[in-house]
Amino acid sequence: MRKDVRILLVGEPKVGKTSLIMSLVSEEFPDEVPLRAEEITIPADVTPERVPTHIVDYSEAEQSDEQLYQEISKANVICIVYSVNNKKSIEKVTSHWIPLINDRTDKDSRVPLILVGNKSDLVEHSSMETILPIMNQYQDIETCVECSAKNLKNISELFYYAQKAVLHPTGPLYCPEEKEMKPSCIKSLTRIFKVSDLDNDGILNDNELNFFQRTCFNTPLAPQALEDVKNVVRRNMTDGVKDNGLTLKGFLFLHTLFIQRGRHETTWTVLRRFGYDDDLELTQDYLFPLIKIPPDCTTELNHNAYLFLQSVFDKHDKDRDCALSPEEVKDLFKVFPYMPWGPDVNNTVCTNDQGWITYQGYLSQWTLTTYLDVQRSLEYLGYLGYSIIYEQESQAAAMTVTRNKRIDLQKKQTQRSVFRCNILGSRGSGKSGFLQAFLGRNLQRKIREDHKSFYAISTTYVYGQEKYLLLHEVMPDFDFLSEADLACDVVCLVYDINNPRSFEYCAKVYKQYFIDSKTPCMLIAGKSDLHEVRQHCSLSPLEFCRKHKLHPPQPFTCNTTEAPNKDIYTRLTTMAMYPHMAQADLKNSTFWLRASVGATVFAVLGFAMYRALLKQR
């Protein structure tokens with residue numbers, strides 16, 4: 001909501017603009033009226049909306065046209081004052097003042113207008129018959145009010161309406177000609193309904209309505225008040241209440257009713273609580289709250305964020321199969337202005353036999369987004385209403401910023417949960433297959449080129465702790481590797497044992513970029529199901545590893561009938577977690593055994609626990 005309101009009064013000379021301002025301030029009609037009143041600021045604590053209000057007078061005798069134009073450009077709302085006993089001043093409203101104001105304001109952001117009929121104490125009749133056609137002709141006119149500066153009739157109301165026209169405008173919400181809400185307002189309220197529908201059954205039950213009421217207005221509804229609201233809907237439509245809960249149609253009807261009865265502030269309070277600005281767009285402050293990330297630190301979701309995302313998954317997994325069908329994914333993202341996940345996501349995370357994203361895959365994708373692009377993750381959580389549902393100041397409360405990696409190295413331990421492994425190798429060495437094998441897929445699964453992903457993420461277990469390993473396939477361009485290509489926790493150099501020139505690329509990349517790095521490296525002897533040929537390199541892969549004190553090349557193939565073996569990914573995660581041990585203990589096979597023990601058990605247990613939770617629900 002705006003932090004202040006600027007009201008400008010314009011109109012023909014002698015219609016009583018200055019008298020209106022002076023009567024408001026002194027609460028009595030002035031004996032002597034100057035040509036123009038000085039700008040007046042009414043403090044926030046004495047205005048109904050608790051917003052400082054500046055009231056600006058205009059005098060043709062004292063001000064130039066240029067000064068008038070400047071005031072029009074600064075005004076948030078303009079009151080066009082006419083005298084109810086002066087037909088010429090009424091005619092000037094449409095022949096002079098409205099065209100002048102429209103010429104001086106941007107078409108896309110018109111200033112709301114209020115028609116003010118002053119001197120009502122001098123006539124017996126109302127000017128409304130003349131004014132109503134003008135109101136119908138110009139959409140920018142918010143309302144019309146007749147008043148009298150002399151007997152103080154409707155003076156406070158006039159400035160309240162002016163303030164309200166700025167803080168709670170009708171224009172973005174409602175179309176008077178059609179007598180219905182505008183599409184953008186319906187779209188915004190529909191998102192609010194879906195976010196508030198915590199069990200996704202298409203109905204706001206009493207608990208959800210009370211939570212909504214408390215969230216927006218800081219007070220719950222009494223049981224009788226809830227029934228009264230539903231009865232109003234029942235009397236006006238047949239499908240507004242279902243199973244004693246409010247449907248989307250009923251929810252939209254209530255807001256239409258609020259607007260038609262002049263209670264715009266109710267709808268605006270709801271819209272602003274859910275992050276919308278005056279143009280019914282989610283504000284930048286709501287979507288992208290400030291979060292500071294120092295160098296060499298990463299971003300992860302915290303425990304509450306995962307609980308929230310689990311609840312979102314749960315309410316959209318209608319068939320309880322622990323996976324999201326394409327229809328369920330579409331339903332989940334209806335609260336977004338666009339579809340955030342493309343077909344590449346299905347090749348980035350774990351899916352079931354039908355190719356649907358599993359519960360584990362769903363959490364993995366959120367983990368990846370948070371790690372790679374925390375601003376996008378904040379935006380997505382904003383669309384889902386995280387800060388509202390979890391009653392937090394912003395989505396930033398869902399994030400954990402890890403400590404500097406150098407401190408982890410010094411202390412030889414880490415609290416991080418997500419580790420990045422960059423995969424390098426020449427073209428055709430098997431990098432993409434290595435990524436897909438991490439997701440339990442062999443070569444039998446074909447991927448369209450436009451659905452390909454250069455990332456794969458899933459969980460591994462090290463000493464019984466669940467960790468996320470994020471694999472990133474780096475494009476093979478030896479002449480230029482960016483900082484992003486090099487920034488990671490562990491490096492994987494992949495070569496094709498059947499291609500005599502494949503290892504040469506790995507050797508050059510290692511010597512150029514990683515020989516003096518503290519980042520641990522592992523060599524992968526890819527396509528190990530094929531015949532191994534001699535590599536065209538001065539040293540064989542094994543000799544190269546011995547010389548540079550690296551672990552021997554690890555044989556790997558994804559050309560299997562079953563799901564490929566995942567032990568190698570546990571080893572990579574362990575190296576990422578304990579880089580100080582990469583050159584020493586990691587050569588010891590018993591270390592690998594201790595690190596990976598129980599990995600399969602924990603993986604199965606994690607899935608079983610989720611299914612058990614579903615059964616309890």
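The values are calculated or read from the model by the stated rules, or taken from the named source; none is laboratory data. Computed from a prediction, not measured in an experiment: that's the story for all the values here. Note that we place each Cβ from the backbone using ideal geometry, even for glycine, and neighbour counts take in every protein chain shown. Protein only, heavy atoms only, side chains kept; ligands, DNA and RNA dropped before computing areas. Shrake-Rupley method; radii C 1.70, N 1.55, O 1.52, S 1.80 Å.
Look at where the Cα atoms of the stretch 481-551 and of the stretch 185-235 average out, and the two centres are 60 Å apart.
Residues whose amide H falls under 5 Å from that of Val241, counting only those 5 or more places apart or on a different chain, are Thr247, with hydrogens built in the peptide plane.
Just tell me which aspartates and glutamates come within less than 17 Å, Cα to Cα, of Lys292; anything on the same chain fewer than 8 places away is out. Of all the aspartates and glutamates, those that pass the test against Lys292 - Cα under 17 Å, at least 8 places apart if same chain - are Glu300, Asp373, Glu379, Glu393. Surface exposure of the chain, expressed per residue as accessible area with a 1.4 Å probe, stands at 49 Å². Phi angles across the stretch 187-196 convert, under the Karplus curve 6.51 cos²θ - 1.76 cosθ + 1.60 with θ = phi - 60°, into 3J(HN,Hα) values of 4, 5, 5, 5, 4, 4, 4, 5, 5, 6 Hz, Gly and Pro given as x. Assuming charge only on the beta carbon of Lys and Arg (+1) and of Asp and Glu (-1), the dipole of the chain about its Cα centre is about 3020 debye to the nearest 20. To the nearest ten degrees, helix 223-236 and the longest principal axis of the Cα atoms of the chain are 80 degrees apart. Summing +1 for each Lys or Arg and -1 for each Asp or Glu, what net charge is found among the other residues whose Cβ lies under 10 Å from the Cβ of Asp57? Within the 10 Å Cβ shell, the charges total -2. Sequentially through the stretch 540-552, phi angles give Karplus couplings (6.51, -1.76, 1.60; θ = phi - 60°) of 6, x, 5, 5, 4, 5, 5, 4, 9, 6, 9, 5, x Hz, Gly and Pro residues having no value and appearing as x. Taking the C-alpha atoms only, the angle from helix 128-137 to the longest principal axis of the chain is near 30 degrees. Given Thr358, Thr348, Leu309, which one lies farthest toward the positive end of the charge dipole of the stretch 256-362, if we put +1 on the Cβ of every Lys and Arg and -1 on the Cβ of every Asp and Glu? Most positive-ward Cα: Leu309.
Where the accessible area of the stretch 1-93 is counted over protein heavy atoms with a 1.4 Å probe, how much of it, in %, is carbon and sulfur? Intermediate values should be presented prior to the final figure.
Details: 2200 of 4910 Å².
The nonpolar share, carbon plus sulfur, comes to 45 percent.
Checking (i) 27.7, 94; (ii) 25.4, 84; (iii) 33.6, 108 against Rg and Dmax of the Cα atoms in Å calculated from these atoms, the matching label is (iii). Solvent-accessible area of the stretch 457-586 (1.4 angstrom probe, protein heavy atoms only): carbon and sulfur portion equals 48 percent. Here the Karplus curve 6.51 cos²θ - 1.76 cosθ + 1.60, taken at θ = phi - 60°, turns the phi angles of the stretch 251-268 into couplings of 4, 5, 4, 4, 5, 4, 5, 4, 5, 5, 8, x, 9, 4, 4, 5, 5, 5 Hz, with x standing for Gly and Pro.
Around Thr351, which amide H atoms from residues at least 5 apart in sequence, or from another chain, sit under 5 Å from its own amide H, with H modelled in the peptide plane? It is Thr358, by chain and number. Compared with the dominant Cα axis of the chain, that is its longest principal axis, helix 374-384 is turned about 60°. Under 5 Å between amide hydrogens, built in the peptide plane, is the criterion, and for Thr53 it picks out Val5, Ile42 among residues at least 5 positions away or on other chains. Taking the DSSP beta bridges with both ends in the chain, the antiparallel portion is around 40 percent.
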